[in-house]
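Scroll down for the structure; my scribbles are underneath it.
The values are calculated or read from the model by the stated rules, or taken from the named source; none is laboratory data. What you see is a predicted model, and the numbers here were worked out from it, not measured in a lab. Here the Cβ positions follow ideal geometry from the backbone for every residue, glycine too, while neighbour counts run over all protein chains shown.
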Amino acid sequence: MSRPLHRNKDCQTVAPRELRLRVYAADVIAMGPGKADLLEAIDRNGSISGAGRELAISYKRCWDLVETMNTSFREPLVATAAGGSRGGGTVLTDCGRKVLAQFRRMEQQARDAVADEMVRFRDLLR
């Protein structure tokens with residue numbers, strides 16, 4: 001999941017000016033900022049549908065992202081319980097929490113490592 005483009009004060013569509021880390025497994029993005037955001041939203045909401053509403057993405061798209069993450073790692077990152085009298089729910093597994101924390105640390109380390117260069121790089125962007 002990528003960050004949406006936004007509009008500047010002149011209503012021109014522009015890409016975010018930030019470093020975005022993505023980790024690939026074969027030819028798929030196993031973890032990126034959008035997937036990390038989704039994991040955090042699942043953790044807050046206790047459901048995939050609630051996470052989708054919070055992030056303004058479809059339930060199907062959320063499920064597709066969760067399936068990609070769950071199959072990209074040695075263990076699933078997200079576990080679900082079917083509905084019923086208790087209503088079901090979705091939780092991050094221990095592995096999911098570890099992956100999320102590690103990815104957020106990696107993002108910060110990458111930003112720190114290139115901070116000076118990003119200042120100069122942004123000056124070259126429109």
Checked segment 85-126 for anything of a type in the set (A, V, I, L, M), under 16 Å from Asp43 (Cα atoms) and not in a helix (DSSP H, G or I); matches are Val91, Leu92
If you take the residues in segment 46-71 that are of a type in the set (A, V, I, L, M) and in a helix (DSSP H, G or I), which one is nearest to Ala25 (Cα to Cα)? Met69
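Per-residue answers, yes or no, for (1) small (Gly, Ala, Ser); (2) touching a helix residue (DSSP H, G or I) at 6+ places or on another chain (Cβ under 8 Å); (3) farther than 15 Å from Glu18 by Cα:
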site	(1), (2), (3)
Arg61	no, yes, yes
Ser72	yes, no, yes
Ala82	yes, no, yes
Gly88	yes, no, yes
Cys95	no, no, yes
Asp112	no, no, no
Ala115	yes, no, no
Val119	no, no, no
Any residue in segment 65-73 that is touching a residue at least 12 places away in the same chain (Cβ under 8 Å) and of a type in the set (D, E, K, R)? no
Residues in segment 72-83: is at least one basic (Lys, Arg), at pLDDT 95 or above and either in a helix (DSSP H, G or I) or touching a Ser or Thr at 6+ places or on another chain (Cβ under 8 Å) (or both)? no
